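First comes the structure, then the notes that go with it.
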Amino acid sequence: MNITAMEIDSQPDTWRAALTLRDEAARVLGRPGERVLVIGCGTSAFVAESFALLREAAGLGETDAAYASEPRPWRPYDAVIAISRSGTTTEVIDALNALPSGVRKVVVTGVADSPCARLADEVLLLDFADEKSVVQTRFPTTVLFLARAAFGEDVSGLPDAAAEALAQPSTLPENIEHLVYLGRGWAYGLAQEAALKVREAAQAWSESYPMLDYRHGPLAVAHPGTLIWFLGSRDDELADDIAVTGATVVQGTADPLIELVLAQRLAVRTAEERGLDPDQPRHLTRSIVLS
C-alpha cells in the first residue's frame with residue numbers, strides 16, 4: 001500500500017485525536033464577534049473557503065476566505081487565520097508579513113518550528129495529522145473536523161462513520177475518464193479539493209462546481225465516460241437532467257467530510273489504474289517554497 005492510501009485510511013484516528021483539542025480550537029478559532037480572514041494556498045485555500053462558511057454559519061462573526069497567493073485590498077479584520085500544513089509556503093509567509101499591526105495572527109499547521117508558526121501570535125498545532133505524502137489528505141480533513149467541533153457541532157460520531165465507510169469496498173465504476181465533484185454551501189470547498197486530488201494524484205481530467213450551477217454550461221461536456229458526484233447532497237431533479245448525457249451520477253448519502261475521504265480513495269485508485277504512483281505526483285513538492 002502506498003503512503004497516500006495509508007494516510008487516507010488513518011483519518012478516523014486523526015479525527016479522534018483532534019477532539020482532544022476542541023476547547024483550544026474554540027478559543028483560538030471561534031472567538032465570537034471577531035471579523036476574520038482565512039487564507040491558504042492550494043488545498044488550504046479550499047479548506048479556508050469551507051472554514052469561513054462554517055464559522056459564519058455558526059454565528060461567530062463575519063468570515064472571509066482568500067488565496068494567500070492573491071493579494072487583495074485590505075479590510076479591517078480583527079484576525080487572520082493562515083492554514084499551512086508545512087508552515088513553509090512562501091506566499092503564506094509573505095501574506096502574514098504584510099499584515100498591519102494589531103491584527104491577531106493565527107496559524108494552523110502540522111509543524112511547530114516553521115516560518116509561519118514563528119510569525120503567529122497563536123498556533124493551533126496538528127502535528128499528529130501531518131503527512132509524509134505530497135498530496136494532502138488527512139491534514140485538511142482534520143482541520144475542518146476540528147473546526148466543526150470548535151464551532152459547536154456534534155461531530156463525535158464521524159470518526160466511527162468514516163472508519164465504517166473506508167472498510168467497505170468501492171462500488172464506483174472503474175476507468176472513468178472525467179470526474180466532476182459538486183457541492184453546496186461549505187461542501188463546495190470540499191468539491192474543489194476532491195477534484196484537485198484527482199489532478200494531483202492521477203493527472204486526470206477533473207472539475208468542480210457549486211452544485212446547482214452545473215447546469216449553467218459545464219453540463220455540455222458530460223458524457224458516458226463522466227462520473228458526477230454530489231458531495232454530501234441529493235438533488236433528484238439535477239440528477240435526472242444529467243442522466244440524459246449518459247454520465248454516471250453519485251448522490252451523496254454520507255456526511256460531506258466522509259465523502260471527501262472516499263473521493264480521496266477514488267483519486268488513488270484512478271492513479272493506480274493509470275499506472276501512476278500517487279506518492280510521486282508530477283511536478284509537485286510537499287510545499288511551494290520560492291527563491
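The values are calculated or read from the model by the stated rules, or taken from the named source; none is laboratory data. Everything numeric here is computed off the predicted structure, so don't read it as measured data. Backbone-built Cβ (ideal geometry, glycine too); neighbour counts: all protein chains shown. To get the accessible areas, we keep the full protein, side chains included, count just its heavy atoms, and leave off ligands, DNA and RNA. Shrake-Rupley method; radii C 1.70, N 1.55, O 1.52, S 1.80 Å.
Report, as a whole number in µm² per second, the diffusion coefficient that Stokes-Einstein gives for region 215-263 at 4 °C and 1.567 mPa s using the Kirkwood radius over alpha carbon pairs.
Working: Rh = 11.2 Å.
For the chosen part, D equals 115 µm²/s.
For the chain, count all C-alpha to C-alpha pairs, find those more than 25 Å apart, and express that count as a whole percent of the total. Could the numbers behind the result be given before it?
Details: 19187 of 42195 pairs.
Tail fraction, whole percent: 45.
Under 5 Å between amide H atoms, partner at least 5 residues away or on a different chain: which partners does residue 178 have, H built in plane at 1.01 Å?
So residue 178 has HN proximity to 227.
Run through every distinct alpha carbon pair of region 1-82 and return the Kirkwood hydrodynamic radius in angstroms, one decimal place.
Here the Kirkwood hydrodynamic radius works out to 14.2 Å.
How large a share of the accessible area of the chain, in percent, is made up of carbon and sulfur atoms when the probe is 1.4 Å and the other protein chains stay in place? Write down the numbers at each step before the final one.
Details: 6260 of 12260 Å².
Result for the chain: 51 percent of the exposed heavy-atom area is carbon or sulfur.
For region 196-291, give the magnitude of the charge dipole about the Cα centre (Cβ charges: +1 Lys/Arg, -1 Asp/Glu; no others), in debye to the nearest 20.
It comes to approximately 440 debye.
Which far-off residues, 5 or more places away or on another chain, put their amide H under 5 Å from the one on residue 124, with H placed in the peptide plane?
Residues meeting the criterion, in which the H sits 1.01 Å from N, are 107, 108, 109.
Assign unit charges at the C-beta atoms only (+1 for Lys and Arg, -1 for Asp and Glu), then state the dipole size of the chain relative to its Cα centre in Debye, rounded to the nearest 20.
640
Compute a Gaussian network model of the chain, connecting alpha carbons closer than 10 Å, and tell me which residue from 114, 208, 50 fluctuates the most.
Highest fluctuation among the options: 114.
Kindly write out, for region 138-146 in residue order, the coupling ³J(HN,Hα) from the Karplus curve 6.51 cos²θ - 1.76 cosθ + 1.60 (θ = phi - 60°), rounded to whole Hz, with x marking Gly and Pro.
My calculation for region 138-146 gives 7, 5, x, 5, 5, 4, 6, 4, 5 Hz in order.
Tell me, what does the Kirkwood hydrodynamic radius of region 97-217 come to in angstroms if you use every pair of distinct C-alpha atoms?
17.3
Using the Karplus curve 6.51 cos²θ - 1.76 cosθ + 1.60 with θ = phi - 60°, work out ³J(HN,Hα) for each residue of region 69-81 in order, rounded to whole Hz, and write x for Gly and Pro.
7, 10, x, 9, x, 6, 10, x, 8, 7, 8, 10, 9
Under the Karplus relation 6.51 cos²θ - 1.76 cosθ + 1.60, θ = phi - 60°, what is the ordered set of whole-Hz ³J(HN,Hα) values for region 111-116, x standing for Gly and Pro?
Result, ordered by residue: 10, 5, 9, 9, x, 5 Hz.
Which is farthest toward the positive dipole end of the chain among 126, 116, 21, measuring Cα position about the Cα centre, with Cβ charges +1 (Lys, Arg) and -1 (Asp, Glu)?
The residue sitting farthest along the positive end of the dipole is 116.
Would you work out the Kirkwood radius for region 32-126? I mean one over the mean of 1/r across all pairs of different Cα atoms, in Å.
Working: mean 1/r = 0.0773 Å⁻¹.
Hydrodynamic radius (Kirkwood, Cα only) of region 32-126 equals 12.9 Å.
Just from its helices, what would the mean residue ellipticity at 222 nm be for the chain, if runs of 4 or more DSSP H residues each count -39500 (n - 2.57) and the sum is divided by every residue, rounded to the nearest 500 deg cm²/dmol?
My calculation for the chain gives -12000 deg cm²/dmol from helical runs alone.
Of 86, 271, 159, which is farthest towards the positive pole of the chain's charge dipole, taken about the Cα centre with +1 and -1 on the beta-carbons of Lys, Arg and Asp, Glu respectively?
86
Determine, at each q value in 0.11 (inverse angstroms), the log₁₀ of I(q)/I(0) that the Debye formula gives when each Cα of region 199-281 is one equal point scatterer.
Each listed q maps to, in turn, -0.32.
Determine the per residue accessible area of the chain with all protein chains present and a 1.4 angstrom probe, expressed in square angstrom.
Accessible area per residue, the chain: 42 Å².
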